[in-house]
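Just below is one structure, and these are the notes that go with it.
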């Protein structure tokens, strides 16, 4: 199947690449189907792209890239909704806000995206911990981490880790297509 995106043009993907959000995302409850796109031109961000609305896509990051001690404690309701008995086969992402001045970018640590990888089932879960910020400044932390010479090795490790979840795209004459 081919979906249209405002950022990458047409993207070819398999139905198994889709991630189902039964409750949608906060503020976007009508959108239920997304895909995680790995931008070939960006070594840090992935994009959570709506399959239903080409203009809705969110830059996302795994919090371990900028918050080493970040812990997610899901309640029973969230665990049940995601069909989870443990946190072993999940991937956690935070939605990033990138303003005109990228040095002011922030991540939402209070409401991460939790993805049950085998089920391709996800939810944006509002965590109960009161000290988690909705707008955590991350530019300096990312800069410190990715200016180091090991960043390309770390990125290759990240790509390998995400290969079971993210659709890696590459340029083609008809827009963007999934890398086979």
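One table, with the values for the structure above:
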| quantity | calculated |
| --- | --- |
| Modelled FRET efficiency - R0 25 Å, residue 73 with residue 119, Cβ distances, 0.05 increments | 0.80 |
| Residue-span extension gain [residue 64 to residue 128] - 0.36 nm each, minus C-alpha spacing | 21.1 nm |
| Separation of the residue 88 and residue 168 label points, Cα + 7 Å toward Cβ, nm | 2.7 nm |
| Segment residue 104-residue 28, extension gain: residue separation times 0.36 nm, minus the distance between their alpha carbons | 25.0 nm |
| Cα gyration tensor shape for segment 2-165, rounded if a/c is under 1.5, else prolate or oblate | rounded |
| Chain lengthening between residue 52 and residue 97 when straightened (0.36 nm per residue, less Cα-Cα) | 14.1 nm |
| Computed label-point distance, nm, for sites residue 41 and residue 4 using a 7 Å Cα→Cβ extension | 2.0 nm |
| Cα gyration tensor shape of segment 34-98, rounded if a/c is under 1.5, else prolate or oblate by comparing a/b with b/c | oblate |
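No value in this document is a laboratory result; all are computed from the given coordinates. Computed from a predicted structure; not experimentally measured. Note that we place each Cβ from the backbone using ideal geometry, even for glycine, and neighbour counts take in every protein chain shown.
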